[in-house]
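The block underneath contains the structure these notes are about, expressed in structure tokens.
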Amino acid sequence: MSDLLSFLKKSPTRFHAVAALSDALDKAGYTRLSECDDWQLAVGGKYYVTRNGSALLAFRIPRADFSGFMLSASHGDSPTFRIKENAEISGPDGYLRLNVERYGGMLCAPWMDRPLTVGGRVLVQNGDSIETRLVYVDRDLLMIPNVAIHMNRKANDGYTYDAKTDMVPVMGIGSEAGSFRSVIAQAAGCRAEDILGHDLFLCLREPGVIWGMQDEFVSAPRLDDLQCAYGCFEGFLAAQESESVPVYALLDNEEVGSLTKQGADGTFVSDLVDRICAAFGRSRVSALANSFLVSADNAHAVHPNHPEYTDATHRPMPNGGVVIKYGVRYATDGASQAVFTAVCRKAGVPVQHFSNRSDLAGGSTLGNIANAHTSVNTVDIGLAQLAMHSPFETAGAKDTDHLIRAMTCFYSSALTENNGTFTLK
Ligand code: ZN
């Protein structure tokens, strides 16, 4: 993968993100495993495995006996609208519309008046088998039109968006417009009646851009959390071997609570740890005690027009470096903060800190949830961004490189702990 924007272009949905990472791992000589098989893991081997086509784990087995696991976890899903099963709405009048529901907590207004399409996966009957096919309708197919200011004079005074009324995309006019299912079938290369199931979502069509007086900013769909997913991945690939097992995780469903088999509240990471420990006769408990998780999910930058939303003394800026996040909904503590700060110092990467303004609840992320299944020292980090959960988000153009450098150093390290003394080497 040459850069962040090309990764984002290849990743209009979580399924496509997993496919793009899988391609990159194939090219880098990694062996694809299946969770359905027994594994024969070799010392010096490089592997990856996917679950549900929407989560991925990649790892390497070091040549020396390993002390533990150096893990990162990001999420591949982002707030969007899911296409319902019986999707077509005929009318009002001659319009053909698409029945959608909210997936995650998005900003609604910026979804309007922009070219949209549909992507995801379909399950297709083929004889006795049911095949998964990725779908991306590569053309401007849908729009969610605003109401004109002349008809809603209060539009600029604050507006409550009702998903069932305001956020319904239009895709055609008249009875000749064709059927939505046939458009999907054509994109999937199958007959409409052979589609047995689907996970399809609205996708913004606009490509990402670098902009600003000195190209300071990157704006694109799905920066939360594919910017972190990309930075951690590049760091994972670039790292030197250490006496630890480097594990890269891209998980699904963070935006709706992670409570799925492919989410952080599933057993995907924990099952991998079990398999690797069993294969090399290691105790899971002692290996996890010498392990560390970087939960990487983007953070809020100070807003240029609304700086008052940010805490008085925790004010991350775009391009200011990796952000360490603290708060009751984060897994960061003094020990994990110290270890990750030491990693960033070694890598020469600046660190900033985020904490919610004391009267704001803020959001949650992967770290705490993953710890319920794989309990390890964990730091929550991210890169500073604006307009989180807009379909078109903005971050610092230099911060991706900050994260790559920090994660290269992290994955090149092994951690051991002895009663509160941590050693990184
Ligand atoms: Zn996120």
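The values are calculated or read from the model by the stated rules, or taken from the named source; none is laboratory data. Here the structure is a predicted model, which is why all the values come from computation and not from measurement. Reconstructed Cβ throughout: ideal geometry from the backbone, glycine too, with neighbour counts over all protein chains shown. Please note that ligands, DNA and RNA were not included when accessible areas were found on the heavy atoms of the full protein model with its side chains. Shrake-Rupley method; radii C 1.70, N 1.55, O 1.52, S 1.80 Å.
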Would you check the accessible area of Leu96, probe 1.4 Å, heavy atoms only, in square angstrom rounded to 10? 20 Å²
In the range 1-148 the accessible area split gives carbon plus sulfur, as whole percent at 1.4 Å, a share of 46 percent
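Taking 8 Å as the Cα distance limit and 6 or more residues as the minimum spacing, I'd like the relative contact order of the chain as a percentage. If you can, show how the numbers build up before the last one.
Values: 943 pairs, mean separation 92.1, N = 425.
Relative contact order, the chain: 22 percent.
Using mean Cβ contacts within 10 Å as the protection proxy, how do 388-401, 342-355 order, highest first?
Working: 388-401: 22.1, 342-355: 18.1.
Most protected by this proxy first, the peptides run 388-401, 342-355.
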Please report the relative contact order for the range 1-119, taking Cα pairs under 8 Å with a sequence separation of at least 6, and give it as a percent rounded to a whole number. 17 percent
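Where does the charge balance sit around Leu96 when Lys and Arg score +1, Asp and Glu -1, over other residues with C-beta under 11 Å from its C-beta?
Details: positive: Arg97; negative: Glu88, Asp93, Glu176.
Neighbourhood net charge equals -2.
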Any lysines whose Cα falls less than 30 Å from that of Lys425, other than same-chain ones fewer than 8 residues away, would be Lys27, Lys46, Lys325, Lys346, Lys398
0 to 90° range, to nearest 10: angle between helix 14-27 axis and the chain longest Cα axis: 50 degrees
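Compute the FRET efficiency between Leu360 and Arg191 as 1/(1 + (r/R0)^6), taking r as their Cβ-Cβ distance and R0 = 41 Å, and round to the nearest 0.05. Spell out each step's value before the answer.
Numbers: r = 51 Å, r/R0 = 1.24.
The formula returns an efficiency of 0.20 here.
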List the lysines whose Cα sits under 22 Å from the Cα of Lys164, skipping any in the same chain fewer than 8 residues away. Lys84, Lys154
Run the quick spin-label model on Thr421 and Ala64: label points 7 Å from Cα toward the beta carbon, then report their separation in nm to one decimal. 1.8 nm
Where does helix 223-238 land angle-wise versus the long Cα axis of the chain, in degrees 0 to 90, nearest 10? 40 degrees
Using the Cα centre as the reference, give the magnitude of the dipole from point charges on the C-beta atoms of the chain (Lys, Arg: +1; Asp, Glu: -1; all else neutral), rounded to the nearest 20 debye. 520 debye
Cα-based Rg / Dmax (Å) for the chain: 22.3, 72
When all protein chains stay in place, what accessible area (Å², nearest 10, 1.4 Å probe) is found for Lys46? 70 Å²
With only alpha-carbon atoms in the gyration tensor, what are the semi-axes of the equivalent ellipsoid for the range 40-83, in Å, largest first? 31, 12, 6
Return the distance in nm (one decimal) between the two label points of a simple spin-label model at Trp211 and Met143, each offset 7 Å from Cα along Cα→Cβ. 2.0 nm
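Give me the percent of DSSP beta bridges within the chain that run antiparallel, rounded to the nearest 5.
70 percent
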Quick check on the chain: helices-only [θ] at 222 nm, where DSSP H runs of length 4 and up contribute -39,500 (n - 2.57) each and the sum goes over total residues. Nearest 500, please. -7000 deg cm²/dmol
Put Ile184, Ile130, Ile149 in order of accessible area, largest first, probe 1.4 Å, and you get Ile130, Ile149, Ile184
Over all Cα pairs of the range 158-204, how is the pair count split among 10 Å bins, expressed in % and running from 0 up to the last occupied bin? 19, 39, 31, 9, 2
Under 14 Å from the Cβ of Gly76, count the other residues' Cβ atoms, weight Lys and Arg +1, Asp and Glu -1, and hand me the total. -3
Listed highest first by mean packing, meaning other Cβ atoms within 10 Å per residue, what order do 328-337, 47-56, 256-265 come in? 47-56, 256-265, 328-337
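Treating only the Cβ atoms of Lys and Arg (+1) and Asp and Glu (-1) as charged, compute the dipole magnitude of the range 129-230 about its Cα centre; round to the nearest 20 debye. List each step's numbers first, then the result.
Numbers: 9 positive and 15 negative charges, 67 e Å.
For this selection, approximately 320 debye.
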Hey, what did the range 95-210 get for relative contact order, percent, Cα under 8 Å, at least 6 apart? 41 percent
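What per residue convex hull volume, in Å³, comes out for the range 300-376 when only alpha-carbon positions are used?
Numbers: hull volume 7.7 nm³, N = 77.
Considering the Cα atoms of the range 300-376, their hull volume per residue is 100 Å³.
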With a bin width of 10 angstrom, please list the P(r) values of the range 178-244 as percents of all Cα-Cα pairs, from the 0 bin to the one holding the largest distance. 14, 25, 23, 24, 12, 1
Sulfur and carbon atoms: percent of accessible area, the range 317-378 [1.4 Å]: 54 percent
Any lysines with Cα under 18 Å of the Lys261 Cα? List them, leaving off those in the same chain fewer than 8 positions away. none
